[in-house]
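The values are calculated or read from the model by the stated rules, or taken from the named source; none is laboratory data. As the structure is a computational prediction, the values presented were derived from the model and not from experiment. Methodologically, a virtual Cβ is constructed for each residue, glycine included, from the backbone with ideal geometry; neighbour enumeration extends over all protein chains shown. We work out accessible area using only protein heavy atoms, side chains counted, and drop any ligands, DNA or RNA first. Shrake-Rupley method; radii C 1.70, N 1.55, O 1.52, S 1.80 Å.
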Amino acid sequence: MRKPLKTLSRWALSLLLLLLLAGVAFANLSPELGGKPTKAERAAYAKTGRYHDGKFENLVPTEMMTGGSMMGALWRFLFSKVPNTEPAAPLPTQPLDSARIRQKTTETLRVTWFGHSASLVEIAGQNLLLDPMLSVDMGPLSWVTPKRYNPQLAISPQQLPRITAVLISHDHYDHLDYKTIRQLKDQVAHFVVPLGVAAHLRRWGVAEAKIHELNWGDSLQLPGGLTVISQPARHFSGRGLTNRNSTSWSSWVMKTPTRRVFYSGDGGYGPHFQQIGRQYGPFDLALMECGQYDRQWSQIHMMPEQSVQAALDVRARLYQPVHWGAFTEAHHAWNEPVTRAWAEAARRGLPITTPELGQPVTLGAGAPPQNRWWQ
């Protein structure tokens, strides 16, 4: 009896070692996991005052999980069913072509949402892409990640015209997409990213001269009198099992002398929104995270009602909920975020726009899209 047990133990140990070696090989070989900041870069991050022991921190104490365990949340997500977690059919989409994007003046302020958080902001005659996750599959292991509701987007990366800048809020797979970056890198003049994210882009073949890492409060001047400014968010980062919070996260202010747009990125509600509103508001439009939330993630993702409050805090004249309409990543109905946000915005008297995927919202050109197409 002892010999079979010994043999079984050896087989189990061998299998465990094999899996460990496979995991290490995958982590080192898969380019989607990104790169690592250099020793000099890490030393520079430490001077910010919010980078300790190789990890970035939030402005206020923030817990990943509240009121339960990660395993409990995973069990609930996998086995506790919620009705309507995915739409019955692909979501309505308005195809977009590059010729339409080129038709504008320096006074045009136009925003086109592609689902989730990916958006094209046309301002001061320039094209800005926010968190361009423009792939159908997500991450290096698409069989374990959520599938996009639509098999194709309003426009492909190859169809986009010249992009002045890509702005990245953080390095999670649903915001920083390897395949999209590889397809776009040669038609983008600047990549503007939080601290630490440059290492990913370098590994993916983006020229060093194009990459601009900004700390909170830093700004970059772009053509047309356009300025982009990194601002705080309350979130976390990481693309693997061992690099959580090794890179930073940001919200973004985009402004000219006459126009202002705010993008929240991902993150929980906090006092930073009021500070941004006091310093840079009012905003013509605020693109605010609204979706993929859970009561146990309350400090790193906003509930829809908090998203509306954050838009009011930054003094938005028009509010557009994003971070929904593409993937199911949380334990709620796919259209619950926009339904709740619409109701709260109406209650608070905040103008809201809810375009279809690919439908441009042109500020100052009549009433913004408000069709409740998700019902």
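A few notes on this one:
- Failed item, numbered, when GLY291 is tested on (1) among the small types (Gly, Ala, Ser); (2) under 24 Å from TRP334 (Cα atoms); (3) surrounded by fewer than 24 Cβ atoms within 10 Å (Cβ to Cβ): (3)
- Breaking point among (1) among the charged types (D, E, K, R); (2) closer than 23 Å to VAL82 by Cβ; (3) in a loop (DSSP other than H, G, I, E, B); (4) open to solvent by 20 Å² or more (accessible area, probe 1.4 Å), for ASP266: (4)
- Within the stretch 279-288, one or more residues are without any contact (Cβ under 8 Å) to a residue 12 or more places away in the chain and of a type outside the set (Gly, Ala, Ser).
- Residue check for ARG110: touching a strand residue (DSSP E or B) at 6+ places or on another chain (Cβ under 8 Å), over 24 Å from PRO232 (Cα atoms) and either of a type outside the set (Ser, Thr, Tyr) or open to solvent by less than 10 Å² (accessible area, probe 1.4 Å) (or both): yes
Per-residue answers, yes or no, for (1) closer than 22 Å to LYS81 by Cβ; (2) open to solvent by less than 20 Å² (accessible area, probe 1.4 Å); (3) assigned to a loop (DSSP other than H, G, I, E, B):
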position: GLN309; (1), (2), (3): no, no, no
position: PHE327; (1), (2), (3): yes, yes, yes
position: ALA330; (1), (2), (3): yes, yes, yes
position: THR339; (1), (2), (3): yes, no, no
position: GLU344; (1), (2), (3): no, no, no
position: PRO369; (1), (2), (3): no, no, yes
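- Comparison of SER230, SER246, SER237 shows that the only residue that is out of contact with any Lys or Arg (no Cβ under 8 Å at 6 or more places or on another chain) and either in a loop (DSSP other than H, G, I, E, B) or in contact (Cβ under 8 Å) with a residue 12 or more places away in the chain (or both) is SER230.
- Look at the stretch 93-118: where a residue is more than 19 Å from ASN150 (Cβ to Cβ) and a partner is part of a loop (DSSP other than H, G, I, E, B), sitting 6+ places away or on another chain with Cβ atoms under 6 Å, you get SER98/PRO161; ILE101/PRO161; ARG102/PRO161; THR106/ALA124; THR106/GLY125; LEU109/ARG259; LEU109/LEU363.
- Verdict on GLY217 being surrounded by fewer than 24 Cβ atoms within 10 Å (Cβ to Cβ), in a loop (DSSP other than H, G, I, E, B) and at pLDDT 95 or above: yes
- Residue match in the stretch 64-79 (condition: among the polar types (S, T, N, Q), open to solvent by 60 Å² or more (accessible area, probe 1.4 Å), at pLDDT below 95 and over 26 Å from TRP374 (Cβ atoms)): yes
- Number of the exception - ASN84 against (1) within 21 Å of MET302 (Cα to Cα); (2) part of a loop (DSSP other than H, G, I, E, B); (3) at pLDDT below 85; (4) open to solvent by 50 Å² or more (accessible area, probe 1.4 Å): (3)
- Scanning the stretch 269-288 for residues that are under 23 Å from PRO369 (Cβ atoms), open to solvent by less than 10 Å² (accessible area, probe 1.4 Å) and of a type outside the set (A, V, I, L, M) returns a single hit, PHE283.
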